[in-house]
Amino acid sequence: MFLRIAFISQLTILFLATDLLSQIKLKDSLENLPETKIKSRMMFDLDPKDRDSILKFYKDYYLSSGRFPNQWTGSVDSCLAGENSKEYTEATLKRLNFYRILAGLSPLVQLVEEYNKKAIQSSLIMEAAMSLDHYPTPAWKCFTEEGKEAAGKSNLALEAGTAGIDSYIVDAGEGNYFVGHRRWIFFPSLSTMGSGSTKMANSLWVLGERSSENIKPEFVAWPPEGYVPIDLFLDKNYRWSFSKASADFSKSKITLLANGKNLTTKKEKNLNGYGENTLVWQTNLNLNDVVDELSVTVKIQNVLIDGEAKSYQYNVIFFQPFSEEELTKSPEGKIQTNPDFDLKVTNLAFLDDPTSMKRLLESGGNPNAVQPSGWSALLIATNKNHTRVSKLLVLYGAKIDFTVNGWTPMKFASYNKNTELIQFFEEYTKNGKP
């Protein structure tokens, strides 16, 4: 699926260089995050070489940050910008910081209210047009000068809140070969951003304040060094990236080694001007076959720094965040669903990927999400004969009597002669649970 997001170049827009760390208290802006130790330079005490440490961080920060519905108070019909709830904005900040911290960067101090208000006006313009453009004109419905300003200083997506943040990080689509959205989020010195979401759009103000106190790692890699949850990288076309300020990657060579074998890599065309200079590539690595964990050694050679060739090497250890037992269990408690993920849930139902579906459902995805065509996620999954995904959706509350043109999940299971699903549905119908 082509990801509907738009990027912004730093070639035409200057950053603000204000150092806000002396003005903003870190404790106040991070007080709603789960218990964790914070190092003196704003870095969370997270050990990338400790699988349990990363797993806990993933569950406490990533999964929990999705479980907040938008509750946007505006209206496209009346061109009312409205507001996002405080908890929704905090959840968006939390999702941004999950990615920055996992990448070895300082967390953002805050989403600035002034930027948030302008960003939501930008999102209103985009949703009204159902299109993305950094330079909307007064001819656009719901146009405002504040919205225009934000559009010119933001990542743009036709997905709201944390769903939009995920899309910026993935940066899928042919036109995003240089992962410009990801690069802005991973700009090391940034200390603030802004975010505003309507029902179906997000504007992420990425030209926020910088801080000289932020951690300046030797490089920023994605996937990063150390343990990482495998479900964040399962797309076979996922783009890897390696960023370093002022580096010349035009003649760089990438080598990936897994299980003693070299993987095929495809280098994307270099394009500077979006955050730090970045090397981007794809690989033929198939993570869907990994049962527990897999270590990949990344070697990058001939990186020119001030005319001098340098090399870098690091290990990425992909691991399954959910055990096989967890993939067959109901949630431990009631999960507040978030409509922002409806499209992702229904699109994922086309794939036999229970790990990613578990992640979406645990982070607020609605098991009863319905596509504009009228098909529910469960109906799609049973039509595609995806047994594990179908069962998982039911375990999280999907309605098994959902009907479109006379077709139900049970009817598709019968049509596909899937005796396991048929028995599962019969048991559910009989006992009210599988």
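Brief remarks follow.
- The set of residues from the stretch 247-280 being more than 20 Å from V206 (Cα to Cα) and either of a type in the set (G, A, S) or in a loop (DSSP other than H, G, I, E, B) (or both) comprises A247, F249, S250, K251, S252, A258, N259, G260, T264, E268, K269, N270.
- Selected residue (only one of S241, S295 is among the hydroxyl-bearing types (S, T, Y), in a strand (DSSP E or B) and closer than 26 Å to F341 by Cβ): S241
- Within the set M130, M126, the sole residue that is over 19 Å from the mean Cα position of the chain (by Cα) and crowded, with 24+ Cβ neighbours inside 10 Å turns out to be M126.
- For first residues located in the stretch 305-330 and among the aliphatic types (A, V, I, L, M), partners that are open to solvent by 30 Å² or more (accessible area, probe 1.4 Å) and part of a strand (DSSP E or B) and lie 6+ apart or on another chain with Cβ distances below 8 Å form the pairs I305/D248; A309/Q301; A309/N302; V316/S295; I317/Y227; I317/E293; I317/S295.
- Residue in the stretch 305-321 that is within 19 Å of P229 (Cα to Cα) and either among the small types (G, A, S) or more than 20 Å from the chain's Cα centre (by Cα) (or both) present: yes
- With respect to being open to solvent by 30 Å² or more (accessible area, probe 1.4 Å), closer than 26 Å to N366 by Cβ, acidic (D, E) and modelled with pLDDT of 50 or more, D45 falls outside the description.
- Filtered residue count, the stretch 96-130, keeping only those that are touching a strand residue (DSSP E or B) at 6+ places or on another chain (Cβ under 9 Å) and part of a loop (DSSP other than H, G, I, E, B): 8
- The set of residues in the stretch 166-177 that are closer than 23 Å to R210 by Cα and in contact with an Asp or Glu (Cβ under 7 Å, 6 or more places away or on another chain) is empty.
- Filtering G374, G397, G406, G364 for residues that are out of contact with any His (no Cβ under 6 Å at 6 or more places or on another chain), open to solvent by less than 30 Å² (accessible area, probe 1.4 Å) and over 13 Å from P339 (Cα atoms) leaves a single hit, G374.
- Among (1) open to solvent by 20 Å² or more (accessible area, probe 1.4 Å); (2) among the charged types (D, E, K, R); (3) not in a loop (DSSP other than H, G, I, E, B), the one test that D166 misses: (1)
- Output for the stretch 411-433, where each listed residue is in contact (Cβ under 8 Å) with a residue 24 or more places away in the chain, surrounded by 14 or more Cβ atoms within 10 Å (Cβ to Cβ) and assigned to a helix (DSSP H, G or I): F412, A413, L421, F424, F425, Y428
- Qualifying residue in the stretch 222-230 (condition: surrounded by fewer than 17 Cβ atoms within 10 Å (Cβ to Cβ) and β-branched (V, I, T)): no
- Test set (1) open to solvent by less than 10 Å² (accessible area, probe 1.4 Å); (2) in a helix (DSSP H, G or I) - G175 fails condition number: (1)
The values are calculated or read from the model by the stated rules, or taken from the named source; none is laboratory data. A quick note: this is a predicted structure, and the numbers were derived from the prediction, not measured. We place every Cβ from the backbone using ideal geometry, glycine too, and count neighbours over all the protein chains shown. Accessible surface is based on the protein model in full, side chains and every heavy atom, while ligands, DNA and RNA are left aside. Shrake-Rupley method; radii C 1.70, N 1.55, O 1.52, S 1.80 Å.
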